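Participant: Have a look at this one.
The values are calculated or read from the model by the stated rules, or taken from the named source; none is laboratory data. Predicted model only: the values in this text are computed from it and were never measured. With ideal geometry, Cβ positions are generated from the backbone for all residues, glycine too; neighbour counts draw on all protein chains shown.
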Amino acid sequence: MENSLLIVGTSHISSESVKQVKNAFKDFNPDIIALELDQNRAHALLHDTKRPKNITLLKTLGMGGFLFFLFGELVQRKIGKIVNIEPGKEMLTGLRLGMKNNCKIALIDRRIDVTLQRFSKYFKKRELIKFIFDIIFSPFNKNDIGKIDFTKVPQSQIIDKVMKHVKHRYPSLFKILIDERDRYMAKHLLLIMKDNPEKKILAVVGAGHVKGIKKYLEKLFVV
């Protein structure tokens, strides 16, 4: 394979990430843009729709997945208001750039409902309680929030530190939410590369996934 693969790590709530995606697209001029999205999330971004939080969603996702969905959305919305940007704006930018320039668009992430169902099944209750407690009392502490520049993508050292903390404090969350999806997206990228030899591929993923995806690609002797 003679593909050229560029993986761009973004923050879903960073205005800098939007510029980052635009610049990477302009400089790299990809044939294919691969995004950390599934079909439902891509549709929701394009049409500005939100999934209703009702009993049907609770039954579909399970209690653990439903609670994680609610709290995860709450965190992104709150920080999004602080930096005045809609969560996922960089992914929407990638989608629109791909569509406008007639690129092939690949949605490489595992379906969110599958991830959240696995979350409900395998995420340990004590970790879930600890996670909810931390979400409520940690991210919005006024002293801490002033130290974080949410408009920028965190440096790799900070990302590594956060990933190690998550892996240590919430091992099952790390496995389901990060590691399994790293492997899934790496396999998806490998298939795209095999099916599209000599094509340039721009992959836009959350910064916390870059190292894991590269690790799995290296295991497959791709990069």
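Participant: Given the condition buried (at least 16 other Cβ atoms within 10 Å of the Cβ), assigned to a helix (DSSP H, G or I), at pLDDT 85 or above and at negative phi, answer yes or no: does some residue in the range 147-164 qualify?
Facilitator: Checking the range 147-164: not a single residue is buried (at least 16 other Cβ atoms within 10 Å of the Cβ), assigned to a helix (DSSP H, G or I), at pLDDT 85 or above and at negative phi.
Participant: Of the conditions (1) outside any helix (DSSP H, G or I); (2) within 13 Å of the chain's Cα centre (by Cα), Pro197 satisfies every one except a single condition; which number is it?
Facilitator: For Pro197, the failing item is (2).
Participant: May I pose another question? Quick check: anything in the range 73-96 aliphatic (A, V, I, L, M), modelled with pLDDT of 85 or more and touching a strand residue (DSSP E or B) at 6+ places or on another chain (Cβ under 7 Å)?
Facilitator: yes
Participant: What pairs can you find where one residue is in the range 86-112 and within 19 Å of Ser17 (Cα to Cα), the other is β-branched (Val, Ile, Thr) and part of a loop (DSSP other than H, G, I, E, B), and their Cβ atoms are less than 8 Å apart, with a gap of 6+ or different chains?
Facilitator: Filtered contacts from the range 86-112: Pro87/Ile13.
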